[in-house]
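Worksheet: one structure, shown below.
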Amino acid sequence: KRRPSPSAFSRAVCPPVALPDSVQWEGRSLLKALIKNAALRGDQVHVLGCEVSEEEFREGFEPDVNSRLVYHDLFKDPLNWSKTGEALPGGPLGALRALCGRTQPGPVTIALDSLSWLLFHLPCTTLCQLLHALSHQNACPDGSSPVERVHVLGLIHEELHGPGPVGALSSLAQAEVTLSGMLDQTSAHIVNRRLRQRPTQQTQWFSILPDFSLHLHRVPAREPRPCPPTTQVDPTAHLTFNLHLSKKEKEAKDSLTLPFQFSSEKQQALLRPGPGQSTSQIFYEPDAYDDLDQEDPDDDLDI
Amino acid sequence: MAATAPCGSGAEETGSEAAAGKPGGTSFQRKGPRAGGLDRGGSRLVSIAGTRPSVRNGQLLVSTGLPALDQLLGGGLAVGTVLLIEEDKYDIYSPLLFKYFLAEGIISGHTLLVASAKEDPADILQELPAPLLDNHCKKEFDEDSCNDKTPESNIEMKIAWRYQLLPKMQAGPVSSSRFGHYYDVSKRIPQELIEASKWYGFFLPEKLSSSLPAEPCYLTHGYLKLLQFIQSIIYEDGFDGTNPQKKQKNILRIGIQNLGSPLWGDDICCTENCDNNHNLTKFLYVLRGLLRNSLSACIITVPSHLIQNKAVIARVANLSDTVVGLESFMGSEKETNPLYKDYHGLIHIRKIPRLNNLTGDISDVKDLAFKLKRKLFTIEAYQNIKAKLTCENIIDNF
């Protein structure tokens, strides 16, 4: 099973509406599947719920998962109007800061449902700084307590935001899971950037069972046509002259010594003219009209 | 004005003093490096460790840590200037250049100032690459290059053999170099070297411990604090010449990581038109003023691929002196392109400064690619392979 790494964000992607029955791949079920995975692993799970009610979120989880789930409810009363003291103090900002200042030992998974809601209520920079603080809070100043891992999962609805906030949040994330799919099969495109290593990309087809366990597929039943294989750029295509050689022509070409190639035979020939070889000579047959001047004007030159 | 090589040469003479009646010889006087900067008078040559004057104009240069990059920048980074690195998309290679710069500072004995909003400066320093000593260098390079030799590269070109004579980037160590060292990326710098060096760290989450409400300020709070910090270090340690007790001059190397990212409190990466569009540009302007007045050099990495407003990117580049852009092939369609299969990305030298000069020192080679080998980060001029293939084919078949 795939283990979520620290600061994994998942997105729900809506395909362009071309078909009348456009399907939205919602990310909440994947989020819940990951939460269940974390809870069964022994982490304590804190959920900051903003978009759905607590009952709806807890629906479908088994009792032992639900017992490890701590739900911070921002959905019921986000602006604290009822003043009953149930709402989280300080609104979303206070809730996040409270999560940052958590001092309980043990591995923890924090799920944010959803980041889109938080982006609408908080400035993007504040959210980024808080997320950074959330995932790095295990660095204790004293070296006594062992470093506990904090996993942060965030759900973001990509189509609600411009490229800016999504890009900024992705740069903070250590793994980014984009959901898409074909008809009834869902795929997740995962970009995993470990620290100081080259990021890896992979696409995983999966489905989520009703009890929120994750089932990974090897290969989908109806595999979509793979994108056309990238052919080697062939510069000799589409030319108006023939660049291809037959075998005989190739042999003749290879055996040809080029004039400017200084092979060893040529070197020998120039250095030591063999007895059989005659150096080139000039034979001059004077014509009747030729003016043979015996006196060579170049004789005065003292070279 | 950036500091020139502090060297006393007496009176400043103009070059061509055609004095008639000068007995014998030439009337042109040989000019030494201009006297100026912080050391006036005196005829002794003051040299700071890890620096050298530029051969073009006598500008004092420091090494960036990568001799190949030094060569492309005209010998090195001028003291008093800013080197801006535009980060690659997944931020893999720009931290490397950042660390090379800092490691070079430690080896040369310079003072370091490391500022980051993401990582603790102490952790950054722990991850610096280990220096390669001269006697081990040659062996490492040969080993590295042998591993990478593909069978195709062994085919020598028969006809277009002049391509092989193109100058390669300097990949091997220069003997007896006190300027520019080589590093092994697979190893960490020895702990004692870090402890022997002097460094200051600025980690933003620690400095902004109190949660202040966003007060209307002319600069983002984080930037303001960083500028104040830099100014205090420069003043206290006498890098700007105010402290006359300083016996030995030294260079301050400043490294600022991920400037402009939301972690610094700047939202130019989040929105296109925001009210505080000018935070980063104001910061760079003030920083440049601080640098010009002191013996320091600065490297900044900026995630320019995240900045939404193109005008801001252009302004940021204008305010920096040297701008180098990294473009990695990861995740782009160039990854599968056979032209680029030997390399990991392209490096663009976008701007070279003209300091005390009318022209910049622009290198002839424009197509540069980089590759991160196991131990080395190399920059090479990638020959345009497609053109080569086409030409070779055409010429060979006739």
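The values are calculated or read from the model by the stated rules, or taken from the named source; none is laboratory data. Everything numeric here is computed off the predicted structure, so don't read it as measured data. For neighbour counting, all protein chains shown are included, and Cβ atoms are generated from backbone atoms with ideal geometry for every residue, glycine included. Side chains included, ligands, DNA and RNA excluded: accessible areas come from the protein's heavy atoms. Shrake-Rupley method; radii C 1.70, N 1.55, O 1.52, S 1.80 Å.
Looking only at region A:1-60, which residues are modelled with pLDDT under 80, touching a strand residue (DSSP E or B) at 6+ places or on another chain (Cβ under 6 Å), open to solvent by 30 Å² or more (accessible area, probe 1.4 Å) and more than 19 Å from residue A:187 (Cβ to Cβ)? Passing the criteria: only A:6.
In this structure, does residue B:353 turn out to be at pLDDT below 90, more than 14 Å from chain A (Cβ to nearest Cβ) and open to solvent by 10 Å² or more (accessible area, probe 1.4 Å)? Answer is yes for this residue. Within region B:90-101, the residues that satisfy the criterion of being in a loop (DSSP other than H, G, I, E, B), at negative phi and surrounded by 20 or more Cβ atoms within 10 Å (Cβ to Cβ) are B:92, B:93.
For residue B:280, the stated conditions do not hold, so it cannot be described as of a type outside the set (D, E, K, R), open to solvent by less than 40 Å² (accessible area, probe 1.4 Å), more than 14 Å from every other protein chain (Cβ to nearest Cβ) and in a helix (DSSP H, G or I).
Here residue B:317 passes the criteria (1) assigned to a helix (DSSP H, G or I); (2) within 11 Å of another protein chain (Cβ to nearest Cβ) except the one numbered (2).
Residues that are aliphatic (A, V, I, L, M) and away from chain A (no Cβ under 14 Å) were ranked within region B:102-118; the one that is most open to solvent (accessible area, probe 1.4 Å) is B:107. For region A:77-130, filtering for residues that are within 14 Å of chain B (Cβ to nearest Cβ), open to solvent by 30 Å² or more (accessible area, probe 1.4 Å) and at pLDDT 80 or above leaves 4. A search for C-beta distances below 6 Å between a residue of region A:34-51 that is part of a helix (DSSP H, G or I) and any residue that is surrounded by fewer than 21 Cβ atoms within 10 Å (Cβ to Cβ) and among the basic types (Lys, Arg), counting only pairs 6+ apart in sequence or on different chains, returns A:39/A:68. Taking first residues from region A:56-70 that are on the phi > 0 side of the Ramachandran plot and partners that are in a loop (DSSP other than H, G, I, E, B) and surrounded by 17 or more Cβ atoms within 10 Å (Cβ to Cβ), the Cβ contacts under 9 Å between residues at least 6 apart in sequence or on separate chains come to A:60/A:212.
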